[in-house]
């Protein structure tokens, strides 16, 4: 005889459900605020500090707006109850998310190749940005193709991977922020290792959550 645990109270399920977008928006808060500050800085005119960004203003604006839109709106895409209750909203917001995510990734890759490297960046970091940016674009394209084939499981896997890459800046702030406060600005190698580690952490967590969710679906379908 299988003993089933009593279902969680509705209030507990609601708090748990809303904790997903809340935690993801909190994660993207630091890079989003930094991006907003950069836009304000650019609107104030050219200075010695922002001269490097004035050389490529369009990719910077596209990257900030695209990445912020993708990370904030995407946080609600990952809320299970909202997907179930508002499938039309999920589909229409996805039509905003995919181009926003692709624009963010491509503009980031453009800047990685064509903008002048700051003193604390290096070539390894440029290649990391190209690799993970390419993964984000590929994930969005493959996720879109999957949902057009009605392959929901594959769609969720690839979209989760792309979102994990997009949230890299938030995790990078958590990884490198304390080090910067204690020891000052890290050199190129340390920064590359820290940023690469943050992307790997995000992808590992996304993979675990997706597989965990799929196991629950399968066990529920095969259950009594």
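The label point for residue 153 and the one for residue 115, both projected 7 Å from the Cα toward the Cβ, are 4.0 nm apart. Applying 1/(1 + (r/R0)^6) with R0 = 35 Å to the Cβ-Cβ distance of residue 124 and residue 96 gives a FRET efficiency near 0.55. Between residue 204 and residue 73, the simple label model (points 7 Å from Cα in the Cβ direction) yields a spacing of 3.2 nm. Relative protection proxy for 66-79, 105-118, 86-99, from highest mean packing down: 66-79, 105-118, 86-99 (other beta-carbon atoms within 10 angstrom). When Rg and Dmax are taken over the Cα atoms of the stretch 17-218, they come to 17.3, 58 Å. Computed extension gain for residue 180 through residue 211, at 0.36 nm per residue and net of the alpha carbon distance, reaches 7.7 nm. Based on C-alpha pairs under 8 angstrom that are at least 6 apart in sequence, the stretch 17-218 has a relative contact order of 22 percent. Modelled label positions at residue 88 and residue 25, each set 7 Å beyond Cα in the direction of Cβ, lie 2.3 nm from each other.
Along its three principal directions, the equivalent ellipsoid of the stretch 155-213 from the Cα gyration tensor extends over semi-axes of 27, 9, 8 Å, largest first.
Coordinate-derived values only; no laboratory data. Predicted model, so just to flag it, every value in this text is computed and none were measured. Glycine gets a Cβ as well: all are built from the backbone with ideal geometry, and neighbour counts include every protein chain shown.
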